[in-house]
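I have placed the structure first, in the form of structure tokens, so that the comments after it can refer back to it.
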Amino acid sequence: MEQQNRNFMALIEAMKAPSTSKDIRLPEFNPDKDNVDACAWITTADMCITDPELQGASLMIALSRALKGQASAWLS
């Protein structure tokens, strides 16, 4: 629950920042850290990925930036 709260706070902060580009930044996900909630991260990331234009290379870049530790190898 605490991780989900941190993810939501990161989402709120990201939404506050003005943006002129379609550069999507997802919350970091590192399964190597303690108390990481994959379901909470997926829920938060899903809310961030509401733009239908975010697909293909743009989506892969956003995911590559977010996935850390062991998760960084999931897309390769």
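For the chain, chymotrypsin sites (Phe, Trp or Tyr not before Pro) meeting the loop criterion (DSSP other than H, G, I, E, B) and having at most 14 other Cβ atoms within 10 Å: W74. Near A38: Cβ cut-off under 15 Å, other residues only, Lys/Arg at +1 and Asp/Glu at -1. The net charge is -3. When the convex hull of its Cα atoms is viewed from all sides, the chain shows a mean projected area of 5.1 nm².
Suppose R0 equals 30 Å. What FRET efficiency, 1/(1 + (r/R0)^6) with r the Cβ-Cβ distance, do W74 and M15 give to the nearest 0.05?
Numbers: r = 26 Å, r/R0 = 0.87.
Efficiency, from the Cβ-Cβ distance: 0.70.
Here, each number is a calculation from the coordinates, and none is a lab measurement. Since the structure is predicted, the reported quantities are computational estimates derived from the model, not experimental observations. For neighbour counting, all protein chains shown are included, and Cβ atoms are generated from backbone atoms with ideal geometry for every residue, glycine included.
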